[in-house]
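Working notes, structure below.
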Amino acid sequence: MKNAFLLFALISLFCYNTNAQHCEDAMVPNNTAFAKLQDGMGFIGSYAIPCIPQGINNEVQIPLKNFRIIKHLNGDDTVYAMRIESITNLPEGMCWVTNKADNTFAAGEGGSLIIRGTTNDKAGQYNLNIVVSFDITGSGTFSRANENYNKVSKSGRMILRVSVPGSVCTPLDYSLPGNVAGAETTSTIEKQ
C-alpha cells in the first residue's frame with residue numbers, strides 16, 4: 001500500500017510540474033497595440049525586458065508579432081497561425097500567459113506574452129525554451145508541433161534576467177549558458 005501511495009504522489013507531482021509554469025488566470029489585458037514591433041516579427045529582444053527582482057511580485061509584458069513566413073532548409077512555409085504550446089525554464093515561482101485565451105495568434109497579429117509571479121531563484125540569466133506549433137496549411141491543423149522555435153529575437157534566444165532587489169540589472173551576455181530554473185534558490189534575499 002505504501003508503494004502505491006508513493007507512486008501516486010510521484011505521478012501527481014510530475015503532472016503538476018509539467019503544467020506549473022502556465023498561469024491559470026486568463027484575465028489579461030487586451031493590449032495588442034502594445035505589440036507593434038518596429039523591426040519585424042517575433043518577440044521583442046531580451047535587451048528590452050526589465051530584470052525581475054527576487055522576492056517581489058512582478059508582471060512583465062513581452063510584446064510579440066506573429067510570423068507570416070517561417071524559413072527552413074526545404075524552403076519557406078506560409079504561417080496562418082502560431083500557438084504557444086509551452087515555455088520552460090522560467091525562474092521558479094513565475095508563470096506565463098498571453099493576451100489570447102488559447103495562446104494562438106494569426107499571421108502578422110500582435111500580442112503580449114506576460115510573465116508574472118514571485119521568484120527566489122538565483123540571480124542571473126534564464127534562457128527560456130519556447131515551444132510553438134504552426135498552422136501552415138490554413139486548415140486549423142497545427143503541424144510542426146513541439147518545435148522549439150527559439151528564433152524569437154535577433155539573438156535567437158529569449159532570456160529573462162533575475163536580480164537582487166535594489167541592484168543594477170546586469171547586461172545580457174549571450175555567451176553564458178544561463179541558469180537552470182529551480183536549481184538554486186535564495187533562501188534569504190539581501191540588498192547588495
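The values are calculated or read from the model by the stated rules, or taken from the named source; none is laboratory data. Here the structure is a predicted model, which is why all the values come from computation and not from measurement. Cβ sites come from the backbone with ideal geometry, for glycine too, and all protein chains shown count toward neighbours.
Pairing each residue of region 159-186 that is farther than 12 Å from Asn120 by Cβ and touching a residue at least 24 places away in the same chain (Cβ under 8 Å) with any residue that is part of a strand (DSSP E or B) and among the acidic types (Asp, Glu), provided the two are 6+ apart or on different chains, yields C-beta distances under 9 Å for Asn179/Asp121; Ala183/Asp121.
Do you know which residues across region 54-94 are part of a strand (DSSP E or B) and hydroxyl-bearing (Ser, Thr, Tyr)? Steps first, please.
The initial filter retains those residues of region 54-94 that are part of a strand (DSSP E or B), namely 58-65, 69-72, 75-78, 81-88, 94.
Result: Thr78, Ser86, Thr88.
I'd like the residue in region 50-68 that is of a type in the set (A, V, I, L, M), under 18 Å from Ala181 (Cβ atoms) and buried (at least 22 other Cβ atoms within 10 Å of the Cβ) and, out of all such residues, is modelled with the lowest pLDDT. Step by step, filter region 50-68, then rank; the result is Ile62. With respect to Val97, is the statement that it is in a strand (DSSP E or B), modelled with pLDDT under 90 and crowded, with 18+ Cβ neighbours inside 10 Å true? No, not satisfied.
Is there a residue in region 126-140 that is within 23 Å of Pro165 (Cα to Cα), assigned to a loop (DSSP other than H, G, I, E, B) and touching a Phe, Trp or Tyr at 6+ places or on another chain (Cβ under 9 Å)? Walk me through how you get there before you give the answer.
Initial filter on region 126-140 (within 23 Å of Pro165 (Cα to Cα)): 126-128.
Checking the rest, the ones that are also assigned to a loop (DSSP other than H, G, I, E, B) come to none.
No: region 126-140 contains no residue that is within 23 Å of Pro165 (Cα to Cα), assigned to a loop (DSSP other than H, G, I, E, B) and touching a Phe, Trp or Tyr at 6+ places or on another chain (Cβ under 9 Å).
So in region 55-83, with the set limited to residues that are among the polar types (S, T, N, Q) and touching a Ser or Thr at 6+ places or on another chain (Cβ under 6 Å), which one is farthest from Asp121 (Cα to Cα)?
Within region 55-83, the match that is farthest from Asp121 (Cα to Cα) is Gln61.
For region 100-122, the set of residues classified as touching a residue at least 24 places away in the same chain (Cβ under 8 Å) and assigned to a strand (DSSP E or B) consists of Phe105, Ala106, Gly110, Gly111, Ser112, Leu113, Ile114, Ile115, Arg116, Gly117, Asp121, listed by residue number.
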